[in-house]
1. Once the other residues with Cβ under 15 Å from the Cβ of residue 42 are scored (Lys, Arg +1; Asp, Glu -1), what is the net sum?
2. State the extension gain, in nm to one decimal, for the chain segment bounded by residue 1 and residue 80, taking 0.36 nm per residue of separation less the distance between their alpha-carbons.
Amino acid sequence: MSFTAGLWLLLAPLAFRIDWPAELDLPHIALNSLVSGLSAVVLALLEKLIFLRWLELLIMLLGIWVICAPWMFGFYLVPAALAQSLVCGSVLALMGGLSLLQPNWDDMP
């Protein structure tokens, strides 16, 4: 799920045409989405290859960042971009948080 949300964040700025207000700093918004998406994809792949608690923590923190980004970059008035950020950020934060609640496989009998 984290991989899918990251892929969506990575590809959405390239695939969709959103009517952006002229006063927004579009390069920084697109760069944030691309970097956040790429980070989520890489972290999700690493999480599948190696089981480390800090990877789940990073995914959860990345999700919180993606949720907060519309207000930090000022695109909270653009409904499509706000919805994308809230949905993808919520998925990342939820998946990372739920993964942190799983028992550690080393502690299993």
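Every number in this text was worked out from the coordinates using simple rules, so none of it is lab data. Small disclaimer: the values here were computed from a predicted structure and weren't measured. Quick reminder, even Gly has a Cβ in these numbers, built from the backbone with ideal geometry, and neighbours come from all protein chains shown.
1. Values: positive: 48; negative: 47, 56.
Once positives and negatives cancel, what remains is -1.
2. Extending this stretch completely gives an extra 26.4 nm.
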